[in-house]
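*Asks:* Would you mind keeping the following structure in view while I ask a few things?
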């Protein structure tokens, strides 16, 4: 559970660095309840760390976050991230022998940079995740260039 919290904290720090301001500044107050409406939804599986009181207390202390757990025994609901972790495992971590935990951290950071800034993803209409999260690309409109092939006759 502590690793899960650390991962969410790291993701929040990266999101805030990309946006240049805290996520709480983006949250809107619901006029009926007076509570902040979450601006980020964290989707996890039903693993023990995500069901723990400590993790839920962490989420509760961050009103800009909403936590959604996928249904039991449905890992396919994790979508792009599941495919991303599969890519990380096979394309990054198994390229060469990793003898040191610090080397593993470097490989994971390289994967994260590749995932967010280099490779487009089918799940978000072949856009890059960083561009979608910054509002530079619409996740429903593909941005890849298509070549129009006209008939020659």
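Readers should treat all values here as calculations from the given coordinates under stated rules, not as data from a laboratory. On a predicted model such as this, the values are computed, not experimentally measured, just so you know. In this analysis, Cβ positions are derived from the backbone assuming ideal geometry, glycine residues included, and neighbour counts consider all displayed protein chains.
*Asks:* With all pairs of different alpha carbon atoms counted, what Kirkwood hydrodynamic radius in Å does the range 1-73 show?
*Replies:* Values: mean 1/r = 0.0763 Å⁻¹.
The answer is 13.1 Å.
*Asks:* May I ask you to list the residues of the range 50-69 whose amide nitrogen lies under 16 Å from a point 7 Å from Cα along the Cα→beta-carbon direction of residue 21?
*Replies:* 64
*Asks:* Could you work out, for the range 96-150, what percent of all Cα-Cα pairs fall into each 10 Å distance bin, beginning at 0 Å and stopping at the bin that holds the largest distance?
*Replies:* 23, 34, 23, 16, 4, 1
*Asks:* Would the range 12-53 count as rounded, prolate or oblate if I go by the C-alpha gyration tensor, calling it rounded below 1.5 in a/c and otherwise prolate when a/b exceeds b/c, oblate otherwise? Intermediate results must be reported in sequence, preceding the final value.
*Replies:* Numbers: a/c = 3.20, a/b = 1.27, b/c = 2.51.
Taking the square roots of the gyration eigenvalues as a ≥ b ≥ c, the range 12-53 is oblate.
*Asks:* Full-extension gain between residue 113 and residue 69, please, as 0.36 nm times their residue separation minus the C-alpha to C-alpha distance. Spell out each step's value before the answer.
*Replies:* Working: separation 44, 0.36 × 44 = 15.84 nm, distance 2.56 nm.
Length gained, residue 113 through residue 69: 13.3 nm.
*Asks:* What is the calculated FRET efficiency for residue 13 to residue 134, with r their C-beta to C-beta distance and R₀ = 22 Å, to the nearest 0.05?
*Replies:* 0.90
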